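The values are calculated or read from the model by the stated rules, or taken from the named source; none is laboratory data. Keep in mind that what you see is a predicted model, and the values were worked out from it rather than measured. As a convention, Cβ positions derive from the backbone with ideal geometry for all residues, glycine included, and neighbour counts pool all protein chains shown.
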Amino acid sequence: MSGDLVVRNARLLDGRLVDLLAQDGRWTRIGESLAADGAHELEADGRLVTAPLVDCHLHLDASLTAGTPRWNESGTLIEGINVWGELKPSLTEQDVFDRAHEIVRWSVAQGTMFIRAHADVSGENEAMVRGLLRLRDEVADLCTIQVTAFPQDGIFAREGDDERLENALRLGVDCVGGIPHYEPTSELGLKEVHRVFELAKQYGRRVDVHCDETDDPNSRFLEVMADDTVKYGLGGRVTASHCTAMGSYEPYYSSKLHGFLKRAGINVVVNPFANSLIQGRLDVYPKRRGFAQLKELLAAGVNVSLGNDVIMDPWYSLGRADMVEAASLALHFTYMSGRDEIVEMLRCATERGAKTLAVEDEYGIEEGKPADLVVFDAPSAIEVMRLHPARRWVIRRGRVVAETTPATTTLLGEPVTFAPPL
């Protein structure tokens, strides 16, 4: 056999140790002790390999703007929205492109090669959506990006924003977004959900809505999304992001809602960084965690995936685009600490994310699929979640695009490996 690249002794999630041969950007053979001529070889040496990490929710248009024009001193969602509202009229397409491009570089270097980005389309400045559409096209060889038209200020609170949302669809965005709980009234929130689904059907787009991102247990637009998904025949094409009000729902309603979501085929995206800091802020102790019910949704058969959401922007001054860190934080806030559950959290950042973005046909470590791969400097999913290790190699279409040399630590001249004693 001949090929362009062979990865030796790679550990799959199921524990098998295999060689992987890539040719012309696709996996051609996967098996034990493959003979390969003329191929560049990488020795994984038993390290875990997975298909790419997937970031299902990221505000690339706002990334790297923290402190401009001022800092979010309170750290709250509302002040962040206000700061962003002050900044966005002055943004240019080139500025959005440059900052977002840098975050894509961070992401790919850490194994994330699929991103769903949200472009703010509220207000008159089109720089955010135009900058991200340009980015999507120009980095396609390195990273697959889907752009969602996101009406940060709602659709009906300001004259013209409904038309601006539709114009973003004409410009070529991949998904139509919404934020119904941010409308001035619940009636307008309901109207927004229905409008989003009308546009999705009309333009043949997917739906990704910021839904019930609040601690208010009376915010229940998710059930409306589930009903519209069934009515419009959009099962599998709809994503509800955040859904933090779910952390305040009482058990009976939660159980009923899980059934609605399963029947509708809705994907749910948990965004642990921002929501671990934003939710429950007004509570006296005990404070609610304010997360979507990740553990219970998975048990009910609902697809759940993860997003970084915010990176060094008006809402969150931290972050480094690492989906393993996002999965680890979600693990702790949603009680996913059983051994199988820890492994499942890595799947939420990989395979389940691919399902959310509907890229399964071009995703996965299988013969015939694109030769995309992440080689972790760790032997198993549990060790990946424990150590947050370096991504030893990142491979895109059979080509090594990123390589990290793991750090070496010594104590009094002796190496420290952070591995438990035998």
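Being small (Gly, Ala, Ser), in a strand (DSSP E or B) and closer than 28 Å to ARG116 by Cα is the filter here, so list the residues in segment 6-58 that pass it.
Matches in segment 6-58: ALA22 only.
Considering only segment 333-343, I want to know if a residue exists there that is of a type in the set (Asp, Glu), surrounded by fewer than 22 Cβ atoms within 10 Å (Cβ to Cβ) and either at pLDDT below 95 or closer than 16 Å to ALA292 by Cβ (or both).
Yes, segment 333-343 has at least one match.
Would you kindly identify the strands (runs of 3 or more DSSP E) lying entirely within segment 376-422 that contain at least 3 residues that are closer than 16 Å to MET113 by Cβ and in contact with a strand residue (DSSP E or B) (Cβ under 7 Å, 6 or more places away or on another chain)?
Working: elements: 391-396, 399-403, 409-411, 414-416.
Result: 391-396, 399-403.
Residues to consider are GLU325, GLU366; find the one that is among the acidic types (Asp, Glu), more than 18 Å from ASN267 (Cα to Cα) and within 17 Å of the chain's Cα centre (by Cα).
Values: GLU366 fails: within 17 Å of the chain's Cα centre (by Cα).
Only one candidate qualifies: GLU325.
Please state which one of ASP98, ASP61 is in contact with a strand residue (DSSP E or B) (Cβ under 6 Å, 6 or more places away or on another chain) and either of a type in the set (Asp, Glu) or not assigned by TED's automatic domain parsing to the domain that holds ASP313 (or both). Spell out the reasoning first.
Details: ASP98 fails: in contact with a strand residue (DSSP E or B) (Cβ under 6 Å, 6 or more places away or on another chain).
The unique qualifying residue is ASP61.
Would you please name the residue that is farthest from VAL147 (Cα to Cα), looking only at residues in segment 75-108 that are in a helix (DSSP H, G or I) and in contact with a Lys or Arg (Cβ under 7 Å, 6 or more places away or on another chain)? Talk me through it step by step, then tell me what you get.
Quick first cut of segment 75-108, residues in a helix (DSSP H, G or I) only: 77-90, 93-108.
Checking which are in contact with a Lys or Arg (Cβ under 7 Å, 6 or more places away or on another chain) leaves us with 83, 93, 97, 106.
On the way: VAL83: 23, GLU93: 15, PHE97: 13, TRP106: 18 Å.
The selected residue is VAL83.
Can you find even one residue in segment 63-80 that is farther than 24 Å from ARG281 by Cβ and either surrounded by fewer than 23 Cβ atoms within 10 Å (Cβ to Cβ) or over 17 Å from the mean Cα position of the chain (by Cα) (or both)?
So far as segment 63-80 goes, yes, one or more of its residues are farther than 24 Å from ARG281 by Cβ and either surrounded by fewer than 23 Cβ atoms within 10 Å (Cβ to Cβ) or over 17 Å from the mean Cα position of the chain (by Cα) (or both).
Assess whether ASP120 counts as being surrounded by fewer than 19 Cβ atoms within 10 Å (Cβ to Cβ), under 27 Å from VAL359 (Cβ atoms), at pLDDT 95 or above and in the same structural domain as ALA240 (by TED's automatic domain parsing). Before the answer, list the steps.
Details: surrounded by fewer than 19 Cβ atoms within 10 Å (Cβ to Cβ): no; under 27 Å from VAL359 (Cβ atoms): yes; at pLDDT 95 or above: yes; in the same structural domain as ALA240 (by TED's automatic domain parsing): yes.
Answer is no for this residue.
Considering only residues that are in contact (Cβ under 8 Å) with a residue 12 or more places away in the chain and either of a type in the set (D, E, K, R) or buried (at least 24 other Cβ atoms within 10 Å of the Cβ) (or both), which ones fall in segment 250-263?
Passing the criteria: GLU250, LEU261, LYS262, ARG263.
Could you say whether any residue in segment 270-290 is under 16 Å from VAL224 (Cβ atoms) and under 20 Å from the mean Cα position of the chain (by Cα)?
From segment 270-290, those under 16 Å from VAL224 (Cβ atoms) are none; that's our starting set.
No, every residue in segment 270-290 fails to be under 16 Å from VAL224 (Cβ atoms) and under 20 Å from the mean Cα position of the chain (by Cα).
Consider LEU58 carefully, then state whether it is within 19 Å of VAL147 (Cα to Cα) and without any contact (Cβ under 8 Å) to a residue 60 or more places away in the chain.
Here the answer is no, as LEU58 does not meet what is asked.
Answer yes or no: is there a residue in segment 111-127 that is farther than 19 Å from GLY319 by Cα and in a helix (DSSP H, G or I).
yes
Inside segment 264-359, counting only helices (runs of 4 or more DSSP H) that do not spill past its ends, which hold 2 or more residues that are in contact (Cβ under 8 Å) with a residue 12 or more places away in the chain and among the basic types (Lys, Arg)? Walk me through how you get there before you give the answer.
Working: elements: 272-278, 294-299, 323-333, 339-348, 351-357.
By residue number, 339-348, 351-357.
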